[in-house]
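J.: This structure is in structure tokens; I'll ask about it shortly.
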Amino acid sequence: AAQYDDGVPTYVGSVSDTASNGNAVTLDLTGLSLQENDLVLAFIAVGSDDGVNKAEVGTSTGWTEIVDIFADDTEDASLAIYYKIMGSTPDTSFDTASAAGTDSTAATARAYRGVNTTTPLDVTSTTSITINTALPNPPSITTITDKCRVVIAGAAGTRSASSNLAHPNADNVVSLHGDDSTDVELLVGDFIKSAGAFDPDAMTFLSDTESDSTAYASAAATIAVRPA
């Protein structure tokens, strides 16, 4: 359900999917009932083990890349984030590029309504990469506008067939696990924040039974969506 707060960009909803064997992911956006001027953020995470950055858009057009980062360890994590303001005929899908044969991909797209269409991002997004851990730590961001939606994203390359990331206090959290020779974890969530500095907490594992490893790598980003 949409989350409403006067003067704050409305969270409309999310759609998500994963793929193995290097296959692309296609997200069906029709279930979001998108409207003109909605902002859609698309997040792509790829888990691999060959030292190559692989998260990127496929054949979808008109999307602006705002994050493209890569964390290199035994198990690698690629994270890319794109946005698009919907026109009078909103997009019906978003697709990722294919990866390699043993890579896993996770992707999610989330829509916000009531966004400043001229300057949808309040300030420059911040990023961080970390090796020796699968627990992303979204970096601090300093907004200049009240009532932004601060969106965090974290990706990790792992070798755990059932792990998922969690966050202690984010709203509207989506947590995905893609399974292959190298698994991928992707978490996206958001907050409503006044102008000023904000340093989100680090991510955790969803289950206490999960274990970290120095073979894992993680990547994180923090984005501020400006209200209309």
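The values are calculated or read from the model by the stated rules, or taken from the named source; none is laboratory data. Fair warning: this is a prediction, and the values are worked out from it, not measured in the lab. No Cβ is skipped: glycine too gets one built from the backbone with ideal geometry, and neighbour counts run over all protein chains shown. Heads up: the accessible areas ignore ligands, DNA and RNA and are worked out on the full protein's heavy atoms, side chains in. Shrake-Rupley method; radii C 1.70, N 1.55, O 1.52, S 1.80 Å.
J.: Set the Förster distance to 45 Å, then compute FRET efficiency between Thr119 and Asp17 from the Cβ-Cβ distance, nearest 0.05.
T.: Values: r = 30 Å, r/R0 = 0.67.
With R0 = 45 Å, the Cβ-Cβ based efficiency is 0.90.
J.: Multiplying the sequence separation of Asp95 and Ala166 by 0.36 nm and subtracting their Cα-Cα distance, what value in nm do you get? Numbers along the way, then the final one.
T.: Details: separation 71, 0.36 × 71 = 25.56 nm, distance 2.49 nm.
Contour length minus the Cα-Cα distance gives 23.1 nm.
J.: Then there is this: In what sequence, highest mean first, do 41-51, 118-128 appear when ranked by Cβ atoms within 10 angstrom?
T.: Working: 41-51: 25.6, 118-128: 16.5.
Descending packing order for the listed peptides: 41-51, 118-128.
J.: Full extension from Glu36 to Trp63: what is 0.36 nm times the residue separation minus their Cα-Cα distance, to one decimal in nm? Spell out each step's value before the answer.
T.: Details: separation 27, 0.36 × 27 = 9.72 nm, distance 1.52 nm.
The span from Glu36 to Trp63 would gain 8.2 nm if fully extended.
J.: Also, I was wondering about something else. Using a basic spin-label model with each label point 7 Å from the Cα along Cα→Cβ, how many nm lie between Ala197 and Asp146?
T.: Computed distance between label sites Ala197 and Asp146 equals 2.2 nm.
J.: Another question, if that's okay. Enumerate the calculated ³J(HN,Hα) couplings along the range 89-100 in order (Karplus 6.51 cos²θ - 1.76 cosθ + 1.60, θ = phi - 60°), each rounded to whole Hz, writing x wherever the residue is Gly or Pro.
T.: Each residue of the range 89-100 in turn: 10, x, 4, 9, 7, 9, 10, 8, 6, 6, 10, 8 Hz.
J.: Give, rounded to the nearest 20 debye, the magnitude of the charge dipole that the chain has about its Cα centre when Lys and Arg contribute +1 at Cβ and Asp and Glu contribute -1 at Cβ.
T.: Values: 9 positive and 31 negative charges, 154 e Å.
For the chain, the charge dipole is close to 740 debye.
J.: I've got another one for you. In the range 97-228, what is the volume of the convex hull around the alpha carbon atoms, normalised per residue and reported in Å³? Provide the component values of the computation, followed by the final result.
T.: Details: hull volume 13.9 nm³, N = 132.
Enclosed volume per residue, from the Cα hull, is 105 Å³.
J.: Could you estimate the translational diffusion coefficient of the range 147-199 from the Stokes-Einstein equation, with Rh from the Kirkwood formula over C-alpha pairs, at 20 °C and 1.002 mPa s, in whole µm²/s? All intermediate terms of the calculation are to be shown ahead of the outcome.
T.: Values: Rh = 12.2 Å.
Taking Rh from Cα pairs, D becomes 176 µm²/s.
J.: So, one more: What does a probe at Val173 reach in the range 7-27, counting residues whose amide N is under 19 Å from the point 7 Å along Cα→Cβ?
T.: 11-17
J.: Also, quick follow-up: Checking the cross-link filter: which lysines have an alpha carbon closer than 17 Å to that of Lys193, excluding same-chain neighbours under 8 positions apart?
T.: Leaving aside lysines fewer than 8 places away in the same chain, those within reach of Lys193 are Lys147.
J.: I would also like to ask the following. Using a 1.4 angstrom probe with every protein chain in place, what is the largest-first accessible-area order of Tyr112, Tyr11?
T.: Numbers: Tyr112 0, Tyr11 20 Å².
Sorted by accessible area, descending: Tyr11, Tyr112.
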